[in-house]
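All of the numbers you see were taken from the coordinates with simple rules; none came from a lab. For clarity, every value in this text was computed on a predicted model and none was experimentally measured. Here Cβ is always computed from backbone atoms with ideal geometry, including for glycine, and neighbour counts include all displayed protein chains.
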Amino acid sequence: MSAPDLSITLAGIRMKNPVMVASGTFGYGPEYADLVDLSQLGAMVVKGISTEPWQGNQTPRTVEVASGLINAIGLQNPGAEGFLQTYLPFLRNYDVPVIVNIWGRTVEEYAAVAARLSAAEGIAALELNVSCPNIKEGSKSFGSNADMFRRVIAATRAVTKLPLIPKLAPDVFRIAEFARLAEAEGADALAIANSVPAMAIDIETRRPKLANITGGLSGPAIRPIAVRLVWEAAKAVQIPIIGMGGIYTAADAVEFFIAGASAVAVGTANFLEPATPLTVAAGLRDYLARHQLGSVRELVGTLAC
C-alpha cells in the first residue's frame, strides 16, 4: 500500500497536509522561521489583524495553569497596513497558504479590514475572530449573540470573495445554531473553537494573576470540550470544520478528525515545541498507514456511536 495521502482541499484552499497553526500562537511567521520549516505547514494562520494598530492589554498577560495556559494578550497587532507592509511580503516566500485572522470592535470595522486585506495578493482566506466585544452594543461578544454573529459574517461576506472561516466561541449554549447561521450567511468553513473564558487568582495577594482579570484558557485542559463542540457542529452543517483546542500529539488530532473535523490547528503546543505541527502531521500519516487508510479524508466523521 502506498503512503497515505495527507493533502486536502478546504474551502477551495489546497494544503499539503491538514495540520495548520492556530492564530495567536505563531506570530506572523518570522518569529518561528528559524525554528521550523514554514513551508511544511498545512496553512499559516497569523495573529489577529484589525483596521488600525492595537497595543493590547497591560501585563501580566499570561499565566500557566494545570494542563493549560490563560492568556489576555488583548489582540495586540500592527494593523492592516502594518501587516501588509511588514509581514505579508515575508510570507509570500513560502509555499504555504496564509490565512489572516481578523477582528473588530464594530461590524463596520470587520468589513473594513476584510475589504483592505482582500485587495492584497497572497492571502488565501480570512478567519473571523467573533469573540470580540461589540462596543456599540454594550460590549457583548459578537460570537455569543446570534444576531450580531450573523451580521458580522454577512458584512464581511459582502466585501470579500476570499473564503471566510468564522472562529466560533466555545461558551455558547448551542454551537450547532451558530454553525448553521454561519453556513447560511456564506461562511466557507468553521474554526472550532476559540479559548475558554477563565481566570486565575494569587491566593497570597488575593489579586488576579492577569492584569485583565480574565483571559482565555487554552491547552490540553480544553481538548475534550473542543472535541465535543466539533462533533455537535459537524452534525449540523455541510461546510468543513477546522478543529482546535489542546492538540499536542497526533492522537489528539485524530480525535478531532473522527469527531468530524476536516483539518486541525495546533496552538498552545507551539510555545512548548514549535515543531509540534510537523510531528502531528507525521504521526497522523503513521496512524492512517496502521489503519490501512489511504487518505485523511477517509477518517473524517467516522465516530461509531
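For F90 and S7, compute 0.36 nm times the residue count separating them, minus their Cα-Cα distance, and round to one decimal in nm.
Contour length minus Cα-Cα distance gives 27.5 nm.
Give the calculated FRET efficiency between L35 and S67 to the nearest 0.05, with a Förster radius of 25 Å applied to their Cβ-Cβ distance.
0.55
Restricting to lysine pairs 8 or more places apart or on different chains, what number in the chain have Cα atoms under 23 Å apart?
9
If a/c stays under 1.5 just call it rounded; otherwise compare a/b with b/c (prolate if a/b is bigger, oblate if not). Do that for the stretch 1-124, with a ≥ b ≥ c from the square roots of the Cα gyration tensor eigenvalues.
oblate
Which value in deg cm²/dmol, rounded to the nearest 500, describes the helix-derived mean residue ellipticity at 222 nm for the chain, given -39,500 (n - 2.57) per DSSP H run of n ≥ 4 and division by the residue count?
Helices in the chain give a 222 nm mean residue ellipticity of -8500 deg cm²/dmol.
May I ask for the net charge around P60, where only other residues with Cβ less than 13 Å from the Cβ of P60 are counted and Lys, Arg are +1 while Asp, Glu are -1?
+1
Out of the GluC sites (Glu not before Pro) in the stretch 31-90, which ones are loop residues according to DSSP with at most 13 other C-beta atoms within 10 Å?
Loop-located and lightly packed - E31.
Report the label-to-label distance for E298 and D286 in nanometres (one decimal), using points 7 Å from each Cα along the Cα→Cβ vector.
Rounded to a tenth, the inter-label distance reads 2.0 nm.
So for the stretch 8-298, taking the charge dipole from beta-carbon charges (+1 Lys/Arg, -1 Asp/Glu), which of L38, L84, L288 sits furthest toward the positive end?
So the residue furthest toward the plus end is L288.
Measure out, as a whole number of angstrom, how far apart the alpha-carbon centroids of the stretch 56-99 and the stretch 1-29 sit.
19 Å
Kindly provide the chymotrypsin sites (Phe, Trp or Tyr not before Pro) of the stretch 172-257 that DSSP labels as loop, not H, G, I, E or B, and whose Cβ sees at most 12 other Cβ atoms within 10 Å.
Listed in order of number, the matching sites are F173.
Quick one: putting +1 on the C-beta of Lys and Arg, -1 on the C-beta of Asp and Glu, what dipole do you get for the chain around its Cα centre, in Debye to the nearest 20?
460 debye
What length, rounded to one decimal in nm, is gained on full extension from A236 through to E204, with 0.36 nm per residue of separation minus their alpha-carbon distance? Don't skip to the answer; put the middle values down first.
Values: separation 32, 0.36 × 32 = 11.52 nm, distance 4.65 nm.
Length gained between A236 and E204: 6.9 nm.
Give the shape of the stretch 236-282 as rounded, prolate or oblate, defined through the alpha-carbon gyration tensor: a ≥ b ≥ c are the square roots of its eigenvalues, a/c under 1.5 means rounded, and otherwise the shape is prolate if a/b is larger than b/c and oblate if not. Walk me through the intermediate numbers first.
Working: a/c = 2.56, a/b = 2.09, b/c = 1.22.
Since a/c reaches 1.5 and a/b is larger than b/c, the shape of the stretch 236-282 is classed as prolate.
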